[in-house]
Amino acid sequence: MIKIYAEIIGTMILVFLGNGVVANLVLNKTKGHGNGGWLTITIGWALAVFIGILVSYPYSGGHLNPSITIGLAIVGKFNWKLVPSYIVSQFIGSMLGSLLVWILYKDHFLETKKEQDKLSVFATVPSIKKFYSNFLSEILVTFIFIFLNLYLSEKIIFFQEGKSPILVAVLSSLVLLAIGLSLGGTTGYAMNPARDLGPRIIYTLLPIPGKVKRHWNYSLIPGLGPIFGSCFASILYLFLSS
């Protein structure tokens, strides 16, 4: 059970800090409103990954992402029997993290009039909404994220017990930072179904005035795109390492 709790807590921290930096930038009358941009968001998310992994890695391996869990299982580095419980834990953690963001910034949600800004605190929003382009974007960014992680797992014993959680956290967060800065401008680089769909559910349930009502018509892209990208990356890794 400790692995399950670790994934819940780690993912909760990941989303609390990651969505929190978005809230601090886009919601009205916060100390960070208008004082940062994409660089601040990408650094904030990279640090959120760093801290989430640092807390959970010694107990669960610090996956915090169904794409990572599935990818590691495909290449034989993780037990398939644990995949469902890990994914459920990641969704629970992401929902708790987004709920904490709303509690912390509740007054600022009330001060914010732009519907899209409030949605962006919880879920990813594409810059140009085109289904196939957005879907391909999520596949590609997750593909490179998972492939790099698997490569690192081979070269420096990434994601294995007994290794330094600081090393694991630093490398994963640096990979995420590079992807966010270079490739994240199209869809917001979800790369994590739990990170998007969990908070999207909370957004739907919370009494937030002026909510975007048709946001679920985009949810398949951050939900399925990362899974496809993870599968492609894992299969390529197996082919190259065979």
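Rule-based calculations on the coordinates, nothing more; no lab input. Predicted model only: the values in this text are computed from it and were never measured. Note that each Cβ is placed from the backbone with ideal geometry, even for glycine, and that neighbours are counted across all protein chains shown.
Here is how the numbers come out for the structure above:
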| item | result |
| --- | --- |
| Unit charges at the beta carbon, dipole of the chain: most positive-side option, Gly76, Leu236, Ser133 | Ser133 |
| Cα-based helix-to-principal-axis angle, 193-205 vs the chain, degrees rounded to 10 | 30 |
| Dipole axis of the chain (+1 Lys, Arg; -1 Asp, Glu on Cβ), positive-most option in Ile208, Met1, Ile13 | Ile208 |
| Region 1-125 - charge dipole about Cα centre, Lys and Arg +1 at Cβ, Asp and Glu -1, debye rounded to 20 | 60 |
| Spatially proximal lysines relative to Lys77 (Cα-Cα < 24 Å; intrachain offsets below 8 disregarded) | Lys3, Lys155, Lys163 |
| Chain lengthening between Lys106 and Phe239 when straightened (0.36 nm per residue, less Cα-Cα) | 43.0 nm |
| Cα shape, the chain, gyration tensor, a/c 1.5 rule | prolate |
| Exposure proxy ranking, count of Cβ atoms within 10 Å, fewest first, for Asp117, Asp196, Asp107 | Asp107, Asp117, Asp196 |
| Rounded to 10°, Cα long-axis angle of helix 131-156 versus longest principal axis of the chain | 40 |
| Degrees, to the nearest 10: 165-183 long Cα axis against longest axis of the chain | 60 |
| Estimated 222 nm signal from helices in the chain, with DSSP H stretches of n ≥ 4 weighted -39500 (n - 2.57), rounded to 500 | -24000 deg cm²/dmol |
